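Report on the structure given below.
The values are calculated or read from the model by the stated rules, or taken from the named source; none is laboratory data. Bear in mind the structure is a predicted one, so any value in this text is a computation, not a measurement. Cβ: placed from backbone, ideal geometry, glycine included. Neighbour counts: every protein chain shown.
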Amino acid sequence: MIADNEANVVYVADTLEWRFPSVFEGLRTILEKHGIPFRTIRGTRDVWCRDYLPIQVTEDRFVQFRYSPDYLTGKYKHLRADGEIGPTLPFIRNCVRSEIVLDGGNVVGRGDRAIVTDKVLCENPGRPRSQLFHELKDALNLRELIVIPQEPLDPIGHSDGMVRWLDDRRVVVNDYRDIGERFRSRMLRSLERFRLEPIEIPYCPQNGGRGGISSAVGNWANFLHVGGLIILPIFGLEDDQTVLQKLRERCPQNAIEGVVCRDLAEEGGVVNCVTWQVNRAPAGHVG
């Protein structure tokens, strides 16, 4: 898979601009400051473009999984934009369709390894575990598929709000000790079993949320990483600066900025959820 540090263009849904204009402008300002092209995808139904757009495997190959999440039911069912937009983007010439149900937010990849939560098993009950994992590894060209436990009481079940790659060996992971020491131990063991070094950062989930989806205020792991830049969500909490400082110490090779997005987070997602970074070459000819 294309790693975050290999990406050079960021896309957002056009719905983000009018629903959360301050987040839209904040992202655009930071990305332009660092010389990273910022593009808007037209004709979207929802701001959470990470989940319904295809996953980039190589420079010229994408995979479109089925976007049919169980949390979009009832009055939200119309938001299931299943493969309608990504394959129509003009620069995507090779997009393979997979019938596996999988949101883009539940794939945190780097090279030939990717991390998903075990919610993917619930979403694909007709496939035996071994078959499902084999198909995922084949579709994403993976050597290792790292499966972590879904966070308790989280109906979304995405890995990108739990753990993120910093480099080939180190991963940022939420400090789950307030959720429960047993779950924290399971989570850390899942990562260490694959010879990864977990770096825990504060995790302060807040009460509230909308439409049955828990608030993402206090979830700093859901940052955007593109090229040499990390954009961290800022919530107006004391630990905003703690996380910023910790990442700057651990990732001196990266520029690290913050964007205020508390209103967005109250709807259940943060910066990585509303962005889609890809590798497009040659630079200067992105559209």
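Identify all residues within the range 41-57 that are modelled with pLDDT under 95 and in a strand (DSSP E or B); write none if there are none. Passing the criteria: only Ile41.
The set of residues in the range 56-70 that are of a type in the set (Lys, Arg) and more than 19 Å from Asn279 (Cα to Cα) contains only Arg66.
Is it the case that the range 188-200 has a residue that's in contact with a Phe, Trp or Tyr (Cβ under 6 Å, 6 or more places away or on another chain) and among the aliphatic types (A, V, I, L, M)? The answer is no; no qualifying residue exists. When the range 210-232 is filtered for residues that are of a type outside the set (A, V, I, L, M), at pLDDT 95 or above and in contact with a Leu (Cβ under 8 Å, 6 or more places away or on another chain), the ones remaining, listed by number, are Gly218, Trp220, Phe223.
Residues of the range 171-192 that are at pLDDT 95 or above and aliphatic (A, V, I, L, M): Val171, Val172, Val173, Met187, Leu188, Leu191.
Pro125 falls short on exactly one of the conditions (1) surrounded by fewer than 16 Cβ atoms within 10 Å (Cβ to Cβ); (2) part of a strand (DSSP E or B), and that condition is (2). Only one of the listed residues (Leu102, Leu166) is of a type in the set (A, V, I, L, M, F, W, C), modelled with pLDDT of 95 or more and closer than 16 Å to Trp48 by Cα. That residue is Leu102. State whether one or more residues within the range 250-265 are out of contact with any Ser or Thr (no Cβ under 9 Å at 6 or more places or on another chain), without any contact (Cβ under 8 Å) to a residue 12 or more places away in the chain and outside any strand (DSSP E or B). Yes, the conditions are met somewhere in the range 250-265. Taking the conditions exactly as written (of a type in the set (D, E, K, R), surrounded by fewer than 22 Cβ atoms within 10 Å (Cβ to Cβ), within 18 Å of the chain's Cα centre (by Cα) and at pLDDT 95 or above), does Arg143 satisfy them or not? Against the criterion (of a type in the set (D, E, K, R), surrounded by fewer than 22 Cβ atoms within 10 Å (Cβ to Cβ), within 18 Å of the chain's Cα centre (by Cα) and at pLDDT 95 or above), Arg143 does not qualify. Every condition in (1) out of contact with any Ser or Thr (no Cβ under 9 Å at 6 or more places or on another chain); (2) assigned to a loop (DSSP other than H, G, I, E, B); (3) among the small types (Gly, Ala, Ser) is met by Gly268 except one, and the failing one is (1).
Applying the criterion of at least 2 residues that are farther than 30 Å from Arg280 by Cα and touching a residue at least 12 places away in the same chain (Cβ under 8 Å) to the strands (runs of 3 or more DSSP E) found wholly in the range 133-239 leaves 197-201. Which one of the conditions (1) in contact with a Ser or Thr (Cβ under 8 Å, 6 or more places away or on another chain); (2) farther than 27 Å from Thr44 by Cα does Arg184 fail to meet, given that it meets all the rest? Evaluating Arg184 over (1) in contact with a Ser or Thr (Cβ under 8 Å, 6 or more places away or on another chain); (2) farther than 27 Å from Thr44 by Cα leaves (1) as the failure. A residue that is touching a Gly at 6+ places or on another chain (Cβ under 7 Å), at pLDDT 95 or above and among the aliphatic types (A, V, I, L, M) occurs nowhere in the range 76-96. Candidates Cys251, Cys261: the one that is surrounded by 17 or more Cβ atoms within 10 Å (Cβ to Cβ), of a type outside the set (Val, Ile, Thr) and within 16 Å of the chain's Cα centre (by Cα) is Cys261.
Taking the range 20-67 as the range and being out of contact with any helix residue (DSSP H, G or I) (no Cβ under 6 Å at 6 or more places or on another chain) and among the polar types (S, T, N, Q) as the test, the residues that pass are Ser22, Thr29, Gln56, Thr58. Scanning the range 23-37 for residues that are in a helix (DSSP H, G or I) and either of a type in the set (Phe, Trp, Tyr) or over 22 Å from Asp51 (Cα atoms) (or both) returns Phe24, Thr29, Ile30, Glu32, Lys33. Within the range 3-22, can one find any residue that is under 27 Å from Arg170 (Cβ atoms), more than 18 Å from the chain's Cα centre (by Cα), in contact (Cβ under 8 Å) with a residue 60 or more places away in the chain and part of a loop (DSSP other than H, G, I, E, B)? Checking the range 3-22: not a single residue is under 27 Å from Arg170 (Cβ atoms), more than 18 Å from the chain's Cα centre (by Cα), in contact (Cβ under 8 Å) with a residue 60 or more places away in the chain and part of a loop (DSSP other than H, G, I, E, B).
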